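Let me begin by presenting the structure, written as C-alpha cells, before commenting on it.
The values are calculated or read from the model by the stated rules, or taken from the named source; none is laboratory data. In this text, all values refer to a predicted model and were calculated from it rather than measured experimentally. Using ideal geometry, Cβ is built from the backbone for each residue, glycine included, and neighbour counts are taken over all protein chains shown.
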Amino acid sequence: MANILIVAEQQAGTLRKATLHALGAGRELAERLGGRLHVLVLGSGVDSVARELQAYADVLVADAPALEHHLAEAYAPVVADAAKLLGSNYVGAASSAFGRDLLPRVAARLTAAMASDVLAFGGDGATVTFCRPMWAGHVVAEVELATPVKVFTVRCTEFSQAPKRPAAGKLTAVEVRIDPAAMKTRFVERTEVKSSRPELSEARIVVSGGRGTRGNFEEIEALADELGAAVGASRAAADAGWVPNELKVGQTGKVVAPELYIAAGVSGAIQHLAGMRGSKVIVAINKDESAPIFHVADYGLVADLFQALPELRAKVKASRGGEPSEPKQEGRG
Amino acid sequence: MALKILVTAKRVEDPESRIQVTPDGTGIVTDGVSYRLNPFDEVAIEEAVRLREKHGGEVVVASIGRENCGPEIRTALAMGADRAILVKHDSALDPVLVAAILSKIVELETPDLVLLGKQSIDDDQGQIGQYLAEILGVGQATCASRLGGLESEAEQKREPGLVLSADGRELSVLREVDGGFERLEVVLPGVVTSDLRLNKPRFVTLPGMMKAKKKPLRVMDASEFGLDLHPKVILKRYFEPKKRKAGIRVASVDELWTKLHGEEKVL
C-alpha cells in the first residue's frame with residue numbers, strides 16, 4: 001500500500017497553481033499503486049489555502065508564525081514528521097524554486113534518495129521509476145530510487161492539474177514545534193516583481209526576447225500585451241539586466257511549454273532550448289539565418305524583429321477588428 | 001574575520017559538446033566530448049576566492065570521482081583556491097553519496113562555509129547543497145545571486161556577492177526565487193549554493209596555472225570513510241526525448257500569420 005504526500009506551495013495565503021500539477025502527479029501515483037494521497041500545506045494564516053486543497057486530497061495543515069517564510073530549515077522537519085506520521089513512501093512537490101530548495105532537505109531527513117524535475121513515472125506496477133532530464137534535457141534518464149521513501153519534484157508542464165474529488169478531503173492540523181532562537185537561517189526580506197502579465201509557466205502564449213533585442217523589449221512587450229501573453233527572455237537578456245531574472249527561460253531559469261512560443265532575437269543556445277522545447281508550436285524570428293533556434297522552430301522567419309513583430313502585432317489586432325497601438329512606454333519589470 | 005571555505009569542483013561535459021545516448025542506452029557517447037569545470041561550481045569558487053581576498057582565510061576545493069578530474073581541480077587552484085582534496089571513486093555516484101562524502105570532508109576540515117554550485121549541468125539534480133546542509137544540521141541559502149546583477153558596480157569592482165556580518169558570524173545572501181528575490185541571513189557554519197548571476201568568474205592565467213601545480217593536493221579514497229558506497233539513485237536506462245518534427249521557413253510575416261492563424265489556430 002502506497003502513501004503519497006505532496007507538499008503544497010502557497011505565497012502570502014494564495015495557493016500556487018504549481019501545487020495542482022504536483023497533485024496531478026500524486027494522484028497518478030496513488031491510482032497506480034492503490035494508495036492514499038495527502039497534501040501538506042505549511043505557512044502562517046493558511047486556513048483558506050487548506051480549505052481550497054480539500055477539493056483535491058486529504059489535507060494536513062501546519063499553520064504557525066514560525067512558518068511564515070519559506071525557510072527550508074524550518075519546513076523540512078515538519079514535512080518529514082508528517083511523512084513519518086502518515087507512513088508516506090512517496091513525498092513530492094512541484095519543481096519550483098520552493099520545491100527545489102526544500103525537498104532535498106526533506107529527503108536527507110528521511111534518508112531518502114530523490115529525483116528532481118520528473119517528467120513522467122515509468123516502470124511496472126509497484127516498481128515505480130522516475131524519468132528525468134539530464135544534460136539540459138538532451139537526455140532523459142529513467143532511474144529507480146532504492147530507498148524505502150522516495151522523494152521527488154515534478155516538472156509542472158508534464159503533469160496535468162489534479163481533478164477535483166467528488167467529496168471534500170479531510171482536514172487535519174499538525175503540531176508545529178519550532179524554536180525560532182535555534183534556527184540558523186533568518187528571513188530578511190522578499191522583493192517580488194509584480195506584473196500584470198500572465199505568469200510565464202502558466203501562459204498559453206510566450207513571447208521571448210534575446211540578444212537581438214539589444215536591450216529594447218518594447219516590441220516584445222507590445223506583442224505580448226496584444227496577445228495576452230507572458231514575456232520571456234534568454235539568459236543573455238536577463239544577465240545583461242535588460243529584463244528581470246524571473247523572465248529567464250532555460251535550463252537554469254523557467255521551463256515552459258505553452259501552446260505558442262515566439263522567440264525573437266533569440267539565438268537558441270542549448271540552455272535556452274532546454275526551457276522551451278516542449279512548447280506546442282515554436283516560432284523563431286531572427287536576422288541570422290544560421291541561428292540554432294531555427295533547428296527547433298516549427299516556423300522560422302529570417303527577419304529583423306523590429307520590423308516583423310510590429311507587423312505581426314498589426315495582423316493580430318486587425319483580426320480582432322482594431323487598429324494596432326504604439327508600443328506602451330513601459331518601465332522594466 | 002578569516003573564513004575557511006570548502007568548495008567543490010565537478011568535472012562535467014562541455015555544454016557545447018553533442019550529447020548522445022549509446023545504442024544500448026546505458027551511457028552517453030564519450031567520443032568527441034570535451035569536459036570542463038561545472039559552470040555553477042566555477043561561480044562558487046570565484047565567490048570563495050573573493051571572500052578570502054576580502055576577509056582572509058583559506059579556500060579548499062574538493063572533487064569526488066575518477067582521477068581524470070585533475071584539470072578541473074587545477075582550474076580551481078589556478079583561480080585561487082589554496083589546496084585541494086580529491087576523493088577517488090571509480091563507480092557511480094549519486095547526490096546521496098556525494099553529500100555523505102562531503103559531510104566527511106566537512107568533519108575533517110571544519111569549514112565556516114560550504115559553497116557549491118546550485119546544480120551540475122550534467123545531472124541537473126540540484127540537491128547536494130541542501131542535502132548536505134540537512135546532514136550537517138546547518139542553515140542554507142540556495143541560488144545565491146547578486147543585487148544589481150552582473151552589470152552592477154559591485155561586480156565591476158569584483159566584490160563578493162555574499163556579505164559577511166561585522167562579527168563574522170553570519171552571511172547575508174540574496175537568493176533568486178520564483179517571482180523575485182529573497183534575502184536570508186545564514187549563521188556560519190552554513191551552506192550556500194551559487195546561481196550564475198552571483199559573479200563573473202575570473203579567467204585562469206598562465207601564472208595561476210603554474211602556481212596551481214605547486215599547491216597541495218591530498219588524495220583520498222571514498223572507501224576510507226566507512227560509508228555505504230552503493231548509489232541509491234539507480235540508472236535503468238538513458239533515452240533521447242522525442243525529436244520535434246522538422247520545421248519550415250516562412251518568407252514573410254504574412255505567411256507566418258497564415259500558418260499560426262489559419263493552420264495551427266494558435267493565434
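Reported count of residues in the range B:9-35, each being surrounded by 18 or more Cβ atoms within 10 Å (Cβ to Cβ), of a type in the set (Lys, Arg) and either within 22 Å of A:Arg235 (Cβ to Cβ) or without any contact (Cβ under 8 Å) to a residue 12 or more places away in the chain (or both), is 1. Taking A:Thr157 as the residue in question, decide whether it is within 8 Å of another protein chain (Cβ to nearest Cβ), under 30 Å from B:Thr26 (Cα atoms) and either not in a strand (DSSP E or B) or not aromatic (Phe, Trp, Tyr) (or both). Taking the combined requirement at face value, the residue does not satisfy it. For the range B:172-223, taking the residues that are more than 8 Å from chain A (Cβ to nearest Cβ) and among the polar types (S, T, N, Q), the one that is surrounded by the most Cβ atoms within 10 Å (Cβ to Cβ) is identified as B:Ser194. Of the listed requirements (1) more than 8 Å from chain B (Cβ to nearest Cβ); (2) surrounded by fewer than 22 Cβ atoms within 10 Å (Cβ to Cβ), A:His272 misses just one: (2). So, A:Val154, is that one in the same structural domain as A:His69 (by TED's automatic domain parsing) and over 21 Å from A:Val46 (Cβ atoms) or not? Criteria met by A:Val154. Take the range B:35-88 and flag every residue that is touching a Gly at 6+ places or on another chain (Cβ under 6 Å) and not polar (S, T, N, Q). Scanning the range B:35-88 gives B:Phe40, B:Asp41, B:Ala44, B:Val49, B:Ala78.
In the condition set (1) surrounded by fewer than 21 Cβ atoms within 10 Å (Cβ to Cβ); (2) more than 12 Å from every other protein chain (Cβ to nearest Cβ); (3) out of contact with any helix residue (DSSP H, G or I) (no Cβ under 7 Å at 6 or more places or on another chain), B:Leu113 is compliant with all but (1). If you go through the range A:234-262 and keep only what is small (Gly, Ala, Ser) and closer than 15 Å to A:Ile205 by Cβ, you end up with just A:Ala257. Among the helices (runs of 4 or more DSSP H) contained in the range A:34-129, which hold 3 or more residues that are touching a Leu at 6+ places or on another chain (Cβ under 8 Å)? The qualifying helices (runs of 4 or more DSSP H) are A:47-53, A:72-86.
Please verify whether the range B:132-141 includes one or more residues that are closer than 19 Å to B:Val49 by Cα and in contact with a Lys or Arg (Cβ under 8 Å, 6 or more places away or on another chain). Yes, some residue in the range B:132-141 is closer than 19 Å to B:Val49 by Cα and in contact with a Lys or Arg (Cβ under 8 Å, 6 or more places away or on another chain). In the range A:209-231 there is no residue matching the filter, namely being part of a loop (DSSP other than H, G, I, E, B) and closer than 11 Å to A:Gly275 by Cβ. Here A:Ala224 fits the description: small (Gly, Ala, Ser), touching a residue at least 24 places away in the same chain (Cβ under 8 Å) and away from chain B (no Cβ under 11 Å). Confirm whether B:Ile19 is over 22 Å from B:Val87 (Cβ atoms) and not polar (S, T, N, Q). Criteria met by B:Ile19.
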